[in-house]
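Engineer: The structure is given below, and queries will be raised subsequently.
The values are calculated or read from the model by the stated rules, or taken from the named source; none is laboratory data. Here the structure is a predicted model, which means the values were calculated and not measured. Glycine gets a Cβ as well: all are built from the backbone with ideal geometry, and neighbour counts include every protein chain shown.
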Amino acid sequence: MPTPFPGMDPYLEHRDLWQAVHSRLIVALADYLAPRLRPRYYVDVELRTYRAGMTGLTFIGRPDVTVVASPRPVYHTATVAPKVFTGVVTVELPVPDIVRETYLEVRVGDGDSGRVITSLEILSPANKLPGEGRTQYERKRERVLDSRTHLVEIDLVRVGPPMLMFGAVPATAYRILVSREAERPQADLLPFSVRQPIPDFALPLRERDEELTVPLNALLHELYDRAGYDLRINYRADAAPPLEGDDAAWADALLREKGLR
């Protein structure tokens, strides 16, 4: 069954789904690009791993917490008068989390240098929320933008502030950034809302080679169908994070029209 949304399905951003969606979409993009780019290029799926300290129970979208029961009475002092608790208190501690994120690199297929021509990133909540994930990604972003490598940055998550860019940047839910090495500091931004199909984007390659158009909307919708996300998503509930204002009203009308509410 296809997604009821014309473009990005905001229900895929749920913390229990996003990690798998991210990984599956990276593989779908690699499978689409690889046969169309050979023999001049090949596509690598790379892995970035880091240890992230959690600032909250939903920092990276997974509920990894430690629950500790105190073996002794725990005391709490109130502002006015002390109050003693003589029972066992269960508390939750923020613990570091091992984060693993995949991304794509398009490399020259000359069997020798394997130079990275284009780096393609799909942002996760950990890349956008304050913390080690954002810090590490921003460092990598700076390195790429200071190199001869093109950057494609796909932002399909609404949580957290967008990556830094200047100019008349529309306040949309989602965006795709295409930064060509020869055109920096200018770059192409493709902003879109939950009501629109995800736009196709051009994958920059070496100057003498024609850019490849990538139908991201079709790839995501095919992935949704193959993975059976319609069997896992409860469209009667709100998306997480929830849609707001006119988008929330529009989504409610759409889901009712589709018979999902």
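Engineer: Collect the residues in region 156-189 that are surrounded by 20 or more Cβ atoms within 10 Å (Cβ to Cβ) and of a type in the set (S, T, N, Q), keeping them in residue-number order. Steps first, please.
Structural biologist: As a first pass, look at region 156-189 and keep what is surrounded by 20 or more Cβ atoms within 10 Å (Cβ to Cβ): 156-158, 173-179.
Result: 179, single match.
Engineer: Of the residues 207, 257, 211, 183, only one is over 20 Å from residue 18 (Cα atoms), in contact with a Leu (Cβ under 9 Å, 6 or more places away or on another chain) and not aliphatic (A, V, I, L, M); which?
Structural biologist: Just one listed residue meets the conditions, 211.
Engineer: Continuing with the same structure: Please find, within region 220-255, the residue that is nearest to residue 2 (Cα to Cα) out of those that are assigned to a helix (DSSP H, G or I) and aromatic (Phe, Trp, Tyr).
Structural biologist: Restricting to residues being assigned to a helix (DSSP H, G or I) and aromatic (Phe, Trp, Tyr), the top hit is 224.
Engineer: Okay, moving on. Any idea how many residues of region 115-133 are over 24 Å from residue 201 (Cα atoms) and either in contact with a His (Cβ under 9 Å, 6 or more places away or on another chain) or not hydrophobic (A, V, I, L, M, F, W, C) (or both)?
Structural biologist: Result for region 115-133: 4.
Engineer: Still on this structure, please answer the following. Within region 145-163, work out how many residues are more than 30 Å from residue 240 (Cβ to Cβ), among the charged types (D, E, K, R) and touching a helix residue (DSSP H, G or I) at 6+ places or on another chain (Cβ under 9 Å).
Structural biologist: The number of residues fulfilling the criteria is 1.
Engineer: State all residues of region 133-177 that are touching a Lys or Arg at 6+ places or on another chain (Cβ under 7 Å) and in a helix (DSSP H, G or I); if no residue qualifies, say none.
Structural biologist: 134, 145
For every residue, the table says whether it meets (1) free of Cβ contacts under 8 Å to residues at least 60 places away in the same chain; (2) basic (Lys, Arg).
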site	(1), (2)
134	yes, yes
138	yes, no
144	yes, no
157	no, no
169	yes, no
180	yes, yes
198	no, no
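Engineer: Here's another thing I want to ask about it. Within region 185-219, work out how many residues are touching a Pro at 6+ places or on another chain (Cβ under 6 Å) and either part of a loop (DSSP other than H, G, I, E, B) or more than 20 Å from residue 164 (Cβ to Cβ) (or both).
Structural biologist: Residues in region 185-219 being touching a Pro at 6+ places or on another chain (Cβ under 6 Å) and either part of a loop (DSSP other than H, G, I, E, B) or more than 20 Å from residue 164 (Cβ to Cβ) (or both): 5 in total.
Engineer: Might you check whether a residue that is touching a Phe, Trp or Tyr at 6+ places or on another chain (Cβ under 6 Å), of a type outside the set (S, T, N, Q) and modelled with pLDDT under 55 occurs anywhere in region 48-58?
Structural biologist: Our first condition is that a residue be touching a Phe, Trp or Tyr at 6+ places or on another chain (Cβ under 6 Å); within region 48-58, this holds for none.
No, that holds for no residue.
Engineer: Sticking with this structure for a sec: Among the residues in region 164-174, are any touching a helix residue (DSSP H, G or I) at 6+ places or on another chain (Cβ under 8 Å) and among the small types (Gly, Ala, Ser)?
Structural biologist: yes
Engineer: Follow-up. Which residues, counting only those in region 152-176, are modelled with pLDDT under 95 and over 18 Å from residue 13 (Cβ atoms)?
Structural biologist: 164, 165, 166, 167, 168, 169, 170
Listed here are the residues, each with its yes/no results for (1) under 13 Å from residue 11 (Cα atoms); (2) within 21 Å of the chain's Cα centre (by Cα); (3) surrounded by 12 or more Cβ atoms within 10 Å (Cβ to Cβ); (4) not hydroxyl-bearing (Ser, Thr, Tyr).
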{"residue": "222", "(1), (2), (3), (4)": "no, yes, yes, yes"}
{"residue": "225", "(1), (2), (3), (4)": "no, yes, yes, yes"}
{"residue": "229", "(1), (2), (3), (4)": "yes, yes, yes, no"}
{"residue": "233", "(1), (2), (3), (4)": "yes, yes, yes, yes"}
{"residue": "253", "(1), (2), (3), (4)": "no, no, no, yes"}
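Engineer: A follow-up question, please. Residues to consider are 248, 240; find the one that is touching a Pro at 6+ places or on another chain (Cβ under 9 Å), in contact (Cβ under 8 Å) with a residue 24 or more places away in the chain and either among the small types (Gly, Ala, Ser) or surrounded by 12 or more Cβ atoms within 10 Å (Cβ to Cβ) (or both).
Structural biologist: 240
Engineer: Let me ask something additional. Has region 90-101 got any residue that is exposed (fewer than 13 other Cβ atoms within 10 Å of the Cβ), at pLDDT 75 or above and either within 23 Å of residue 214 (Cα to Cα) or of a type in the set (Lys, Arg) (or both)?
Structural biologist: Within region 90-101 (the criterion being exposed (fewer than 13 other Cβ atoms within 10 Å of the Cβ), at pLDDT 75 or above and either within 23 Å of residue 214 (Cα to Cα) or of a type in the set (Lys, Arg) (or both)), the answer is no, since none of the residues qualifies.
Engineer: Right, something else. May I ask you to list the residues in region 203-218 that are in contact with an Asp or Glu (Cβ under 9 Å, 6 or more places away or on another chain) and surrounded by 16 or more Cβ atoms within 10 Å (Cβ to Cβ)?
Structural biologist: 203, 204, 205, 214, 216, 217
Engineer: Need the failing condition index for residue 153 against (1) of a type in the set (D, E, K, R); (2) touching a strand residue (DSSP E or B) at 6+ places or on another chain (Cβ under 7 Å); (3) loosely packed, with under 15 Cβ neighbours inside 10 Å, just the number.
Structural biologist: (3)
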